[in-house]
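Read through the structure below, which is laid out as structure tokens, and then see the notes.
The values are calculated or read from the model by the stated rules, or taken from the named source; none is laboratory data. Being a predicted model, the structure only gives us computed values, none of them experimental. Glycine gets a Cβ as well: all are built from the backbone with ideal geometry, and neighbour counts include every protein chain shown. Side chains included, ligands, DNA and RNA excluded: accessible areas come from the protein's heavy atoms. Shrake-Rupley method; radii C 1.70, N 1.55, O 1.52, S 1.80 Å.
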Amino acid sequence: MSTLIARPDAQTRERLILWIRRRMDECGITESALQAALENDQRHLRYQDAFGNVWSGDGELPAWLKRAVAAGQSIEHFRCN
């Protein structure tokens, strides 16, 4: 089952950003530390299906993943890390 989350409107988005910034300040998380963590996560992305097909996240989507996404499956369903 796939759950879709609607994109927030501009006002909700701004409130969410403010909340995140406050939590970052409370925990001593800098923007540069957050950026480094996100970049590290991107380098280690991996997607795999039940048949053992694997994609590193680099380059074009492989055929098996294109078919799944075209059929309505979320790409995050295949994320392994």
Quiz item: Along region 38-55, what does the Karplus equation 6.51 cos²θ - 1.76 cosθ + 1.60 (θ = phi - 60°) give for ³J(HN,Hα), rounded to whole Hz, x for Gly and Pro?
Solution: 5, 5, 5, 4, 4, 5, 10, 5, 8, 10, 8, 9, 5, 9, x, 5, 10, 9
Quiz item: For the chain, with only Lys/Arg (+1) and Asp/Glu (-1) charged at the beta-carbon, what is the dipole magnitude about the Cα centre, in debye rounded to 20?
Solution: 200 debye
Quiz item: What size of dipole, in debye to the nearest 20, comes out for region 37-81 about its Cα centre when the only charges are +1 on Lys and Arg C-beta atoms and -1 on Asp and Glu C-beta atoms?
Solution: 140 debye
Quiz prompt | Average accessible area per residue (Å²) across the chain - probe 1.4 Å, nucleic acids and ligands excluded | solution = 85 Å²
Quiz item: When only C-alpha pairs under 8 Å and at least 6 residues apart count, what is the relative contact order of the chain, in percent?
Solution: 26 percent
Self-check item: Helical contribution to [θ] at 222 nm, DSSP H n ≥ 4, -39,500 (n - 2.57), averaged over the chain, rounded to 500
Solution: -15500 deg cm²/dmol
